[in-house]
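Quick notes on the structure that follows.
Every read-out reported here was derived from the displayed coordinates using simple, explicitly stated rules and does not represent laboratory data. Nothing here was measured: the structure is a model prediction, and the numbers come from that model. Here the Cβ is made from the backbone with ideal geometry for all residues, glycine too, and neighbour counts use every protein chain on show.
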């Protein structure tokens, strides 16, 4: 209640700063998030709700089961989370659980471990545009994705995996499914936009109130919203051997804005929020330490 009251007071007393931060968040959503994720969200909805997904997993599962022992349907959430990136990983897992294509336990593990920043975002934006170290792209992939993969392998081997339902023959695609997929995609991405705007204003409030300790602002901003945190890291003036592991920490954790977005995506599945936070913090710490040691080596 105190935080909410402080947030309202800040908006009333600093309207120009609040409007500028909200506009920045809206532009970030409109120019980068919406074009990148909306087609993927619609495509994923069509694949899941039309049952065409099972035609794909039929041929991919014999390969992915040697990497991660998921169910046949679960391999779609595994691959979708890896290639589509955050927050599509959690959305795909939640959709499969709601459609009873995978168990809640398996969906929760997949949503925790494979809801990372996409390889395209990591290589194109963080490593090239922000840090200007494209030679570290491949090592960064290994550093970021290995801890959640190891945890998922450990959990999956202890989990009773449901066998995939043989419903590929019932696959169908009609305008009702297409319309539902489009509306579901817009609804999900609109929620993401709202969270990005709110957390952008919160980050602006932090920088307005705290002017004596800029390093605290850099760290807290990255913990709040990763994209904004990356841009502040670029101008922080810190040596690269400290910026690189800190950026890996932000990227692996995903920020509290990312946590809120994931909770929104998986709200109907009742996944454990505390488990998600604890695991993501552990992944972030491990990735940060590995990045620090690798960079110094």
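Can you pull a Stokes-Einstein diffusion coefficient for segment 83-123 at 37 °C (0.692 mPa s), Rh from Kirkwood over Cα pairs, as a whole number of µm²/s? Intermediate values should be presented prior to the final figure.
Numbers: Rh = 10.2 Å.
So the translational diffusion coefficient is about 323 µm²/s.
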Per GNM of the chain with C-alpha springs under 10 angstrom, the most fluctuating residue out of 35, 87, 69 is 35
Computed on Cα atoms, the radius of gyration and Dmax of segment 2-296 in angstrom are 19.7, 64
Descending packing, highest mean Cβ count within 10 Å first, for 127-139, 192-204, 247-259 is 247-259, 192-204, 127-139
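As a test of the formula, what do you get for the chain when each DSSP H run with n ≥ 4 contributes -39,500 (n - 2.57) and the sum is divided by the residue count, at 222 nm and rounded to the nearest 500 deg cm²/dmol?
Numbers: 14 runs with 211 residues, N = 297.
Taken over the chain, the calculation gives -23500 deg cm²/dmol.
Obtain the radius of gyration and the Kirkwood radius of segment 148-297 from its C-alpha atoms and give Rg over Rh.
My calculation of the ratio gives 1.08.
Taking the beta-carbon count within 10 Å as an exposure proxy, list 281, 37, 46 from fewest neighbours to most. Intermediate results must be reported in sequence, preceding the final value.
On the way: 281 13, 37 23, 46 19.
Neighbour counts put them in this order, fewest first: 281, 46, 37.
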Quick note on 285, 82, 226, ordering by fewest other C-beta atoms within 10 Å, gives 285, 82, 226
Computed on Cα atoms, the radius of gyration and Dmax of segment 33-101 in angstrom are 11.5, 34
